[in-house]
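Written below as structure tokens is the structure these notes are about.
The values are calculated or read from the model by the stated rules, or taken from the named source; none is laboratory data. Because the structure is a prediction, the values reported are computed rather than measured. A quick note on method: Cβ atoms are made from the backbone with ideal geometry, for glycine too, and the neighbour counts reach across all protein chains shown.
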Amino acid sequence: MSIEEKSLYKAAIVTGAARGIGREIALTLAKRGIAVGLCDISPDVRKTLEEIQSLGVACAAEVVDISNENDVERAYESISKTLGPIDVLVNNAGIGRLNALVDYSVSEWDQTFAVNVRGPFLLSQKVLPKMMEQKNGLIVNIASIWGLRGASGRAAYAASKHALVGMSKCLSEECHPYRVRVITLCPGNVLTDLANGTDADTTDWMHPKDVADVVGFLCEPGSRAIVRNTIEVNGWGRPPEFK
């Protein structure tokens, strides 16, 4: 594989980079010549590291619990020491369980918010001072179509993604004077591990690369006018109705 084109940015951190959407985002950015720091709770993140190294692009990987403040501090310091100043953050890591609200345990509810909201909060706090100082940067938060809608059995996941969308909107206002872009992507149905075992017709579901390509575009010069947006990424699948 070859480097495809130049980017607005030089170094990125991508969470949830061991598989699925996160892995595809990391590879997509690397093919644009962006050095990539990979974060995941799974040691399989090192497989993504090897793939990116085969492209001849600088890369670092850390096994990290993004909901743990000490883990995030350690990972950020290690990655930025290896790759230099981070000017792109992709908060992709997320978890979700289907369950009626009355059947969630408190620990399941808290863990969902810890990964889906606290993690992006902690990482954004780490990268923003340098981005603001340089007046250049991009934060992409991967939310979900369920961060805009509601459905039975998705209370914890949808609530956490609504929270991420809300946090992103506030952060985009705070970052605007510093020319740091904050973009939220809300994908519809994607063929990832979270979709395994579904009884739904997956014919028109997107592949992880479909979402990754949107993130890749946001790093290209042609996207510089997209400054603070919440973007639905639905593919050809029919988006869920608002409820």
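Annotations
- Qualifying residue in the range 48-59 (condition: under 20 Å from residue 191 (Cα atoms) and in contact (Cβ under 8 Å) with a residue 24 or more places away in the chain): yes
- Odd one out for residue 21 among (1) outside any helix (DSSP H, G or I); (2) touching a Ser or Thr at 6+ places or on another chain (Cβ under 8 Å); (3) of a type in the set (A, V, I, L, M, F, W, C): (1)
- The residue list 48, 112, 28 contains one member that is closer than 24 Å to residue 156 by Cα, crowded, with 17+ Cβ neighbours inside 10 Å and at pLDDT 95 or above, which is 112.
- Filter result for residue 186 (assigned to a helix (DSSP H, G or I), modelled with pLDDT of 95 or more and closer than 25 Å to residue 220 by Cα): no
- Any hit, the range 135-142, residues being in contact with a Pro (Cβ under 6 Å, 6 or more places away or on another chain), farther than 13 Å from residue 116 by Cα and in a loop (DSSP other than H, G, I, E, B): no
- Selection within the range 151-183 - within 17 Å of residue 223 (Cα to Cα) and not in a helix (DSSP H, G or I): 179, 180, 181, 182, 183
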